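Bear in mind that the values in this text are calculations on the coordinates, not laboratory data. All values derive from a computational prediction rather than experimental measurement. So basically every Cβ, Gly included, is an ideal-geometry build from the backbone, and we count neighbours across all protein chains shown.
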Amino acid sequence: MRRPHCMPVLCVLSLLGSVAVTVLTLCPAVAQAPRAKIVSVEGAATAYQLEDIHGELVTADVPSQSTTDIKLSNPDQRTVEGKVIALDGQTHQVKVHTRAGQTLVLEMDPRSLRNLRLGDTFTLAVPQPAGR
């Protein structure tokens, strides 16, 4: 029985394919960009009038958590440029001061947080609000 000449080539291609899958599995940062969740947009709040247990009116300011309150650096690309001003490894939160003067508090994946340092600058892509 004769062995085909292409057998060694198929073995090499098969090996390269399995190595590529392994690398992408072990390095998820290569496969997807870091993501962040807005905890608050400081300086943007909604005031609510609430009644306490004694019937007194109390005003409560609730920080915004909406992308509509973020001032975009580049409205066409829906991006915000900012600088890291605080990191909290326990809560996985980052404070970012934007070029527009806002302070955003973001919650990030611990793996992404490890790569950040105070003073780092980066660009955030802000998704289009739902329903627009």
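For region 50-132, which GluC sites (Glu not before Pro) are in a loop by DSSP, counting at most 10 other Cβ atoms within 10 Å?
Working: sites: Glu51, Glu56, Glu81, Glu107; in loops: Glu56.
Sparse-neighbourhood loop GluC sites (Glu not before Pro): Glu56.
For region 33-125, what is the per residue volume of the convex hull drawn over the alpha-carbon atoms, in cubic angstrom? Intermediate values should be presented prior to the final figure.
Working: hull volume 10.1 nm³, N = 93.
It is 108 Å³ per residue.
Quick check: net charge around Gln93, other residues with Cβ under 11 Å of its Cβ, Lys/Arg +1 and Asp/Glu -1?
Details: positive: Lys37, Lys95; negative: Asp88, Glu107.
With Lys, Arg at +1 and Asp, Glu at -1, the net is 0.
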